[in-house]
Amino acid sequence: MSGRLPVRTTCPYCGVGCGVRVSAEGGRYRVEGDTAHPANRGRLCSKGAALAETLHGEGRLLHPIVHGRQSGWDEALDTVADGFRRIIDAHGPEAVAFYVSGQLLTEDYYLANKLMKGFIGSANIDTNSRLCMSSAVAAHTRAFGTDTVPGCYEDIELADLVVIVGANSAWAHPVLFQRLSAAKQARPQMRVVVVDPRRTPTCEIADLHLPLRPGSDAWLFNGLLHHLRREDALDLDYLERHVEGFAATLEAARQSAPSIPDTAARCGLPEHQVAEFFRLFTRHERVVTLFSQGINQSSSGVDKGNAIINMHLATGRIGRPGMGPFSLTGQPNAMGGREVGGLATQLAAHMGFDDPGAATRLGRFWGSDRVASKLGLKAVELFEAMAEGRVKAVWIMGTNPMVSLPDADRMADVLRACELVVVSDCMVETETTAFAHVLLPAATWGEKDGTVTNSERRISRQRAFMEPPGQARPDWWIIAQVARRMGFASAFDYQGPAEIFREHARLSGFENRGGRDFDISALADLDDADYQWLQPVQWPVNRQAPGGTPRLFADGRFFTGSGRARLVPVTPRLPAASTDDDYPLLLNSGRIRDQWHTMTRTGAVPRLSGHLPEPSVQIHPGDVARWGLKDGDLARIESARGAMLARVRLDTGQRPGSVFVPIHWSGPFARQARVGALVAAVTDPISGQPEFKQTPVRLLRLDTTWQGFLLTRRPLALPETLYRVRAAIAGGWRYELADAGSPPDWPRWLRVLVGEDGEWLEFEDRGGAAYRAACVRDGRLEAVLFIGRGSELPARDWLLGVFAEQTLAPDLRARLLAGRPAAGRPDTGPVVCACHGVGLNTLREAILNHRLDSVDAVGSVLKAGSGCGSCRPEIQALIDQAHTPALQA
Ligand SMILES: Nc1nc2c(c(=O)[nH]1)N[C@H]1C(S)=C(S)[C@@H](COP(=O)(O)OP(=O)(O)OC[C@H]3O[C@@H](n4cnc5c(=O)[nH]c(N)nc54)[C@H](O)[C@@H]3O)O[C@H]1N2
Ligand SMILES: Nc1nc2c(c(=O)[nH]1)N[C@H]1C(S)=C(S)[C@@H](COP(=O)(O)OP(=O)(O)OC[C@H]3O[C@@H](n4cnc5c(=O)[nH]c(N)nc54)[C@H](O)[C@@H]3O)O[C@H]1N2
Ligand code: SF4
Ligand SMILES: [Mo]
C-alpha cells in the first residue's frame, strides 16, 4: 500500500465525474465520496462505492505480447512503430488508424490525436464517443457554432421543470439523479417529465412519463415548438436579437406536427399526455432538458438533438440559471476527448475542419507541416475501410469494439483481415485483445495521473495512488514512445502528464481571440505542484474567467459567424428499419444499474453482480404468450444480422412490441450474449452514430434438454454448453448453464474440475435428467451443482447466502440438496440493495408487515437504500406496488 494515501481522485465510470477519496484502512483500500467535490459533494453510486473491490489485479495484462509471445517494451514498441511506418511508407497515412476511447485521460487522448492528426498527417483517429456523443456534438455545433454544453449541474436543481429524454439517469447517471431527487424533495412544486418508450427506474420521480413510440421524439419536440408559437409562448425578442433560421424551423415544425392530436398519433401517446407535457413546458420558464442515448443513438440523432435545442432557443431558455438543453455525457472523459479533437471530424482544442486556417495554426503550434486537413473516417466507416483493405493498421486503445460496435459478429473477420492490430488494454482477456498482433499493457484507474472532464465541463484530476502491476504503463507514455520511434522524438519528449496538460491548455488559448469556446489558457502555466493540486474547475478558464465558467451564452452571443444561434429545421424520420412479420419486435439496448460496459472492471465484483446476474431480455407480459415464453425461460433473440441468448424477464414497464436487452455481456462472462451482434451498422448521416436503440428482432424459446447452475470457489474450464454465464458471487463464482444435447457426465466432470477431496453429497434421479451435488471441504462449501429440466430448479439466493459463509452451519447440511431453507426460515430473495445486501423478499415482507410507506422508512428498518442510494427508485417501486393491490405479486 503506497504512502501517497489518502488521495482525492475522480471516479473512472460515468460522466457525472464524482470526486472520490481513497485511503488505507486495515491494510485495505477504502473509497468514499469526496465531500469537497462539487459534482457529488460526497455521494457515490453503487459502482463508485465498490471501487475498492476492483483493485485486486486479477485478469490484468502484465507485459507486452507480440504475436502471441511475451516480450519486453522495446520489442513491442519497435514492432508497433515499424509496422505503422512501413504501412505509411507503402500506402500513405490514410492506410493507418487509431480507434480510441472516452475512458482515456485528456493527456493520453491529446497525444494520440497529436500523433495521428499532427504528425502522421491523417485524421483517421476516431473513438467510441462516435457511438455515444457524436450526435450531440454535431447538434451543438450546428446550433451554437461550437460543441458547447451551456449549463451546469446546479441548473438541474434550480429548474422548475426537468425533462429527461432518452436517459435512464437513475441507473446511468445515478449521483446526478440523486441530486435531482433531493432538489425535488426540497421543492415539491418542481416537475419532472420522462420521455422514454419504457418505464425505467428514472420514472420513480416523474410527474409525467411519456412512453412514446420508439424513435418518434422529433415529432414530439416539433409539435411542442409549433404549440409554443400558437400559444404565443415564444420569446420573440430573444429570437429577433440572438437567433437565426426562425421561419424555416417553425414551418418544418408546423408541417410535421400541426396539432396535439397529430403529435400524439405520431408518437403513439394519448393526447392528454402530450397536452400535459406541452402545458408544463409552456408554463415554466426554468426548464432543463436532459438528453442521452435514446436521442443520440439514432439514424436521425443529430436532428433530434437540434429539435430539443430549438425549443430552448426559441423560448430564450438558455444560458441562465435553471434552464437549458443538457446533453449528458456517458464516459468519464467523453468531454475531454472532444476538447482534444479525438473524433475524426474535429481538430484539437475545438478547432474544426471547416476553419481554413486551423490546420496551419496547429502546424505552427506543433511545429509540423503535416497536419491533417481533411476529415478522417468515422468509427463504422473506419472498420468498413479495414474490411476493404484500405486501412491496414489499427491501434485500439481503451475500448472493446468487438463487443460495442454494431454488426459485432462481422468485426471478427474485419480484425482478422487487418495486417496490423495493436491493442492497448489493462486486461488480458477481452473479445478484442484476442485479435491483437501486439498487445500493450496499460495502467488504469488508481495507477495513472491526468485529468478528465465531466458533463458540466468540469475538469478534475485523476490521481495515482498505487503502482501499475507488472510492466503496465500509462497510455500517454506508450503513445509518446511509439511517436519517438516513428521519428517524432522532439515533439513527443514529455516528462509526464503535467507537461502535456500545459501544452493542451496553451493550445486552447493559441491564436484564440474569443472565437473558440474551449479556452483553458489560464491553466497553461501551472507548475507540477499546481497540477498535482488542481481543483475541479469548469471551462472556459481564461483571463476573463480565471475561476472557471458555470454557464455559457448568458450574453446571447454564440460562436457562429454571425454570432447568432441557429435554429435547425427538422423533418422527423422514423428509425431506418421497421418491424415486419419476420422480425416483429423492436429491440432496445442500454445499461443496467451495477455494471459498466463490457464488465472488465465491475464484472468481478460480487456485490455489483448480484443485482442482475445474467443477460436478460425484458418484455411486456402481454407479449410473452404470443412467443410461447414465460418469465425465467431462456430465449434466443434473432435479427437480420445476428443472434444472442438471454433470460426472459417480464416487465410491465416495457412498451408492448419492444424488448430491452443490456449491453454488458460478452465472451469472458457469457456465451453468445453480445447485443451488438444483432444491431445493423446503420448510422446518422451527419454524425455517423449508430442506431443502437431500434433493431427489429424476433424471439424464440431456447429449446434445452437440461439447465442448471454451479457455484464454485474459482473460475472453471467447463464443458461447452449452449448457454453459459459466469457471475461473481461472495466467495467465488456462479455459473448458469443450459444445453440442448445430452448432459455431460456431471459426477465425473465435477470431480475433475474441483477435485475429489472433501465430503460429497449427491442426488441423481434414475433417468439422469436431474443431478444435484454439494462438496464440503474443511467445513466449508466448496462447490454446488444443480442440474435439471429447468423450472423445478430452486431460486439461487438461499444457496448463494450459504455459499458465502466461511463455515457451513451443521443444520444447513441437510437442506443443501433441496436448495431452499426449511419451512419458516428466511429466504431473502435476489439482492436489491447492493451496499447492505438486502434482498427482494426481505424488502417486500418488511414493507407489508411494518406498513412502510417511504424509502427512508424502509432504510430505518432494514438500512436498505441508506448507503449509496442507487436502489432507492427500486425500493420506491416496491412500496408503490404494495400500495396498489392489483399489482401485488
Ligand atoms: N450503470 C451504468 N452507467 C453508465 C454506463 C454503464 O455502462 N453502466 N455507461 C455510461 C455511458 S458511456 C453512457 S453513454 C451513458 C448512457 O446513459 P443513458 O443514455 O441514460 O442510458 P441507456 O441505457 O443507454 O439509454 C437511455 C434510455 O433511452 C431509452 N430509449 C430507447 N429508445 C428511445 C427513443 O426512441 N426515445 C427516447 N426518448 N428514449 C429511448 C431507453 O429505453 C433507455 O432507458 O451511461 C453512462 N453510465
Ligand atoms: N448495442 C449497444 N451497443 C453500444 C451501446 C448501446 O447503448 N447499445 N452504447 C455505446 C456506447 S455509448 C459506448 S460509450 C460504448 C462502450 O463500449 P466500450 O468502449 O467498447 O466498452 P468498455 O468495456 O468500456 O471498454 C473499455 C476497455 O478499455 C479497457 N481499459 C480500462 N482502463 C483503461 C486504460 O486506462 N487504458 C487502456 N488502454 N485501456 C483501459 C477496459 O479493460 C476495456 O477493455 O458502447 C457502445 N455500444
Ligand atoms: S455517478 Fe456513480 S459511476 Fe458516475 S461518476 Fe458518480 S460514483 Fe462514478
Ligand atoms: Mo457511452
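Per-structure values
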{"quantity": "Positions within region 116-137 being more than 16 Å from ligand 1 (Cβ to nearest atom), surrounded by 24 or more Cβ atoms within 10 Å (Cβ to Cβ) and among the small types (G, A, S), in sequence order", "calculated": "G118, A123"}
{"quantity": "Residue match in region 51-61 (condition: closer than 23 Å to V414 by Cβ and either over 22 Å from the mean Cα position of the chain (by Cα) or within 16 Å of ligand 3 (Cβ to nearest atom) (or both))", "calculated": "yes"}
{"quantity": "Every residue from region 552-608 that is within 19 Å of H312 (Cβ to Cβ) and of a type in the set (A, V, I, L, M, F, W, C)", "calculated": "L552, F553, A554, F558, F559, A565, L567, V568, V570"}
{"quantity": "Test: V80 is over 29 Å from G603 (Cα atoms), assigned by TED's automatic domain parsing to the domain that holds Q481 and within 16 Å of ligand 2 (Cβ to nearest atom)", "calculated": "yes"}
{"quantity": "Number of the condition not met by A443 [criteria: (1) free of Cβ contacts under 8 Å to residues at least 40 places away in the same chain; (2) within 19 Å of the chain's Cα centre (by Cα)]", "calculated": "(2)"}
{"quantity": "Output for region 236-251, where each listed residue is buried (at least 19 other Cβ atoms within 10 Å of the Cβ) and either over 12 Å from N310 (Cα atoms) or not assigned by TED's automatic domain parsing to the domain that holds R142 (or both)", "calculated": "H242"}
{"quantity": "Single residue of region 542-581 satisfying the filter (in contact with a strand residue (DSSP E or B) (Cβ under 8 Å, 6 or more places away or on another chain) and of a type in the set (A, V, I, L, M)) that is surrounded by the most Cβ atoms within 10 Å (Cβ to Cβ)", "calculated": "A565"}
{"quantity": "Scan of region 396-417 for residues that are over 22 Å from the mean Cα position of the chain (by Cα) and crowded, with 19+ Cβ neighbours inside 10 Å, ordered by number", "calculated": "V414, L415"}
{"quantity": "Selected residue (criterion: farthest from ligand 2 (Cβ to nearest atom)) from residues of region 10-19 that are within 19 Å of L104 (Cβ to Cβ) and not hydroxyl-bearing (S, T, Y)", "calculated": "C18"}
{"quantity": "Region 179-198: number of residues that are more than 26 Å from A264 (Cα to Cα) and either assigned by TED's automatic domain parsing to the domain that holds K47 or surrounded by 24 or more Cβ atoms within 10 Å (Cβ to Cβ) (or both)", "calculated": "1"}
{"quantity": "Tabulated pairs, region 163-189, first closer than 24 Å to I309 by Cβ, second among the aromatic types (F, W, Y) and within 16 Å of ligand 4 (Cβ to nearest atom), C-beta under 6 angstrom, 6+ apart or interchain", "calculated": "V165/F291; G166/F291"}
{"quantity": "Hey, L587 touching a residue at least 40 places away in the same chain (Cβ under 8 Å) and away from ligand 3 (no atom under 16 Å from the Cβ) or not", "calculated": "yes"}
{"quantity": "Yes/no for Y13 being in contact with a strand residue (DSSP E or B) (Cβ under 9 Å, 6 or more places away or on another chain) and aromatic (F, W, Y)", "calculated": "no"}
{"quantity": "The lone exception for G676 - which of (1) buried (at least 24 other Cβ atoms within 10 Å of the Cβ); (2) closer than 22 Å to N168 by Cβ; (3) away from ligand 2 (no atom under 16 Å from the Cβ) it fails", "calculated": "(3)"}
{"quantity": "Residue among G376, G341, G330, G389 that alone is within 16 Å of ligand 3 (Cβ to nearest atom) and at pLDDT 95 or above", "calculated": "G330"}
{"quantity": "Qualifying residue in region 857-867 (condition: at pLDDT 90 or above, within 22 Å of Q595 (Cβ to Cβ) and buried (at least 22 other Cβ atoms within 10 Å of the Cβ))", "calculated": "yes"}
{"quantity": "Helices (runs of 4 or more DSSP H) contained entirely in region 351-447, each with at least 3 residues that are closer than 30 Å to T54 by Cα, within 16 Å of ligand 1 (Cβ to nearest atom) and not basic (K, R)", "calculated": "401-404"}
{"quantity": "Among the residues listed as G341, G352, G336, the single one being more than 26 Å from the chain's Cα centre (by Cα) and either farther than 30 Å from L678 by Cα or not assigned by TED's automatic domain parsing to the domain that holds T432 (or both)", "calculated": "G352"}
{"quantity": "Close pairs (7 angstrom Cβ cut-off, 6 or more residues apart or separate chains): in the same structural domain as C45 (by TED's automatic domain parsing) and without any contact (Cβ under 8 Å) to a residue 12 or more places away in the chain in region 863-885, in a helix (DSSP H, G or I) and of a type in the set (A, V, I, L, M) anywhere", "calculated": "none"}
{"quantity": "Filter result for A349 (away from ligand 3 (no atom under 16 Å from the Cβ), without any contact (Cβ under 8 Å) to a residue 40 or more places away in the chain and crowded, with 19+ Cβ neighbours inside 10 Å)", "calculated": "no"}
{"quantity": "Checklist (1) under 30 Å from Q293 (Cα atoms); (2) in contact with a Gly (Cβ under 9 Å, 6 or more places away or on another chain) applied to A680, failing item", "calculated": "(2)"}
{"quantity": "Residue list for region 244-262, restricted to those being out of contact with any Ser or Thr (no Cβ under 9 Å at 6 or more places or on another chain) and on the phi < 0 side of the Ramachandran plot", "calculated": "F246, A247, A248, T249, L250, E251, A253, R254, P258, S259, I260, P261"}
{"quantity": "Region 776-794 residues that are closer than 17 Å to L750 by Cα, paired with ones that are among the charged types (D, E, K, R) (beta carbon under 6 Å, 6 or more apart)", "calculated": "V776/E759; R777/D757; F786/R772"}
{"quantity": "Any chance G470 is in a loop (DSSP other than H, G, I, E, B), closer than 25 Å to G57 by Cα and more than 27 Å from the chain's Cα centre (by Cα)", "calculated": "yes"}
{"quantity": "Listing of strands (runs of 3 or more DSSP E) fully contained in region 691-748 that carry 3 or more residues being surrounded by 15 or more Cβ atoms within 10 Å (Cβ to Cβ), assigned by TED's automatic domain parsing to the domain that holds L629 and out of contact with any helix residue (DSSP H, G or I) (no Cβ under 9 Å at 6 or more places or on another chain)", "calculated": "none"}
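Results for (1) surrounded by fewer than 21 Cβ atoms within 10 Å (Cβ to Cβ); (2) assigned to a loop (DSSP other than H, G, I, E, B), shown as yes or no for each residue.
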position	(1), (2)
M599	no, yes
L612	yes, yes
V617	no, no
A625	yes, no
G632	yes, yes
I637	no, no
V648	no, no
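The values are calculated or read from the model by the stated rules, or taken from the named source; none is laboratory data. All of these numbers come straight from a predicted model, not from anything done at the bench. Because the Cβ atoms are built from the backbone with ideal geometry, glycine has one as well, and the counts that use them run over all protein chains shown.
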